[in-house]
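Take a look at the structure set out below.
No value in this document is a laboratory result; all are computed from the given coordinates. All figures in this text were calculated on a predicted structure; none of them were measured in a lab. Every residue, glycine as well, gets a Cβ built from its backbone with ideal geometry; the counts of neighbours run over all protein chains shown.
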Amino acid sequence: MADQTPGRIFRQGLFTENPIVRHVLGICSTLAVTNLVVNTLVMNAGLLFTISMSSLTVSLLRTVTPVRIRMMVQTLIIASYVIVVDITLKAYLPEISDALGPYVGLIITNCIVMGRCEAFARNNPPWPSFLDGLATGLGFSMVLLAIAVVREILGFGTLLGARVMPEGFVPWTIMIMAPGAFFMLGLFVWFVRARFPDLFEGSGESRIAPKGSP
Amino acid sequence: MTEISAGTLFFAAIFTNNILLTNFLGLCPYLSISRDYKAALGLGGAVVFVMTFTAGINHLVYHQVLAPMNLEHFRYIVFIIVIAAFVQLVEMAVERYLPALYFVLGIFLPLITVNCAILGASLFMVIRAYTFTQAVVYGAGSGIGWMLAIGIVGAIREKIQKTSQLPPGLEGPGITLIITGVLSLAFMVFSGMIQIQ
């Protein structure tokens, strides 16, 4: 694991180990805000900041963190960065901060952030860890952005607030409500897995969810 | 928010504002543990228990300790510590005094700390300015709603595994998300009965 080149890390984070299509983890807080592209962009920026900075910090502290309490330490590091994101949003983007509501705070319990700290950052030097966090976050943002674009176009007939569908277009209300998000993500995962089966060689049900482990 | 009675809020948290189906919280364990019905219900039970208590404890901590000291921004850290500590305590207590219950819930308890629904319930309670009673009732209702959702999906998935042939790529998370979409659609029937936002 020590000779990770940046290119390899990015390829893994964006494609072969893409956190959403491969593991379908960490979608809780972020899927909720995919009804508008603007909200998704802001949320993804917050997530990118949190995941890369906490990977960096966990990696810097990896030699001094006692193994037994590392989960608690990681959680506290993540929570500190989330507070930074939350305060920044409240100060500079108050409307979006209101729209996102509690979901910014819920980045703390996003399994992907902790997953990368646990799986990569605590055994690797700071720079590759930072890149790994960034790459994973980008892979994650990519998928959610794709879902947000479809949901906003079909649900409101707009893209980033600008009208893209013709005048007579009747918005699909279902798309901006909860079921729309579930259907979109389900179809997306299905499409990617069916189209690129070699990407998921050996990643059957058992790999995704080892029984009795988080 | 004081005009909503506890009973109404309880009903709303289960049906009209189901924490999983309308707020997308707690999806990770939901997708990975729902393969069999029994395990799903076990996890659901643990969530109901932990959520009820942590919503109450966090309410007290927030309004008695954090708010008077103007430390509201630290609520994320404090809530997550309260949840982690509570889960740890419950795990030890259950293992020591109720071994039968530990056998059922034991392996699920550590998973709960990272369940976004638990933290989510506490954060919603702060944003919507619930009173203590409302917070506890909301926690219990959300937990039961979550258990209901994971139980239904667990049962459906178990059936699907035994009887159906799925197209490649759809098995696992794909089909679960689509079932969840349908379920969420079904639960939308309740919306409009009560409005809690």
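Could you line up A:Phe10, B:Phe132 from fewest to most neighbouring Cβ atoms inside 10 Å?
Numbers: A:Phe10 17, B:Phe132 14.
Sorted ascending by nearby Cβ count, the order is B:Phe132, A:Phe10.
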* **Label-point separation in nm, A:Met165 to B:Ala67, each point 7 Å along Cα→Cβ** => 4.2 nm
* Using only alpha carbons, build the gyration tensor for the stretch B:68-130 and give me the equivalent ellipsoid semi-axes, biggest first, whole Å. => 28, 12, 9
* Structure fact -> Proxy exposure order for B:Tyr138, B:Tyr102, B:Tyr97 (fewest C-beta within 10 Å first) is B:Tyr97, B:Tyr102, B:Tyr138
* **Value of relative contact order over the stretch A:6-141, rounded to a whole percent, pairs C-alpha under 8 Å and six or more apart** => 47 percent
* Structure fact -> In degrees rounded to 10, the 0-90 angle between helix A:126-156 Cα long axis and the longest Cα principal axis of chain A is 10 degrees
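If you take every residue apart from B:His63 with its C-beta less than 14 Å away from the C-beta of B:His63, what net charge results, scoring Lys and Arg +1 and Asp and Glu -1?
Working: positive: B:Arg75, B:Arg128; negative: B:Glu72.
Summing Lys and Arg as +1 and Asp and Glu as -1 gives +1.
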* Kindly express, to the nearest 10 degrees and within the range 0 to 90, the angle between helix B:116-127's C-alpha long axis and the longest C-alpha principal axis of chain B. => 40 degrees
* So for the stretch A:47-130, what percent of the C-alpha to C-alpha distances run longer than 16 Å? -> 49 percent
* Treat chain A as a sphere of radius equal to its Kirkwood radius over Cα pairs and apply Stokes-Einstein at 20 °C in a medium of 1.002 mPa s; give the translational diffusion coefficient in µm²/s, rounded to a whole number. => 118 µm²/s
* **Degrees, to the nearest 10: B:37-60 long Cα axis against longest axis of chain B** => 10 degrees
* Taking the alpha-carbon set of the stretch A:1-111, what are its Rg and Dmax in Å? -> 15.3, 44
* Structure fact -> The orientation-averaged projected area of the Cα convex hull of chain B, in nm², is 12.1 nm²
* Structure fact -> Calculated from DSSP helices alone, with each H run of at least 4 adding -39500 (n - 2.57) and the total divided by the residues of the protein assembly as shown, [θ]222 nm to the nearest 500 comes to -20500 deg cm²/dmol
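Which order results if B:Thr133, A:Thr40, A:Thr109 are arranged by neighbouring Cβ count within 10 Å, fewest first? Working shown, then result.
Numbers: B:Thr133 13, A:Thr40 23, A:Thr109 29.
With the fewest neighbours first, B:Thr133, A:Thr40, A:Thr109 line up as B:Thr133, A:Thr40, A:Thr109.
Sort B:45-54, B:18-27 by packing, meaning the average of other beta carbons within 10 Å per residue, with the highest value first. Mind showing how you got there, number by number?
Values: B:45-54: 24.2, B:18-27: 26.4.
The peptides rank, most packed first, as B:18-27, B:45-54.
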* How are the C-alpha pair distances of the protein assembly as shown spread across 20 Å bins, as whole percents from the shortest bin up? -> 27, 62, 12, 0
* To do: Just the number, please: Stokes-Einstein D of the stretch B:109-186 in µm²/s, Kirkwood Rh from C-alpha pairs, 37 °C, 0.692 mPa s.
  => 223 µm²/s
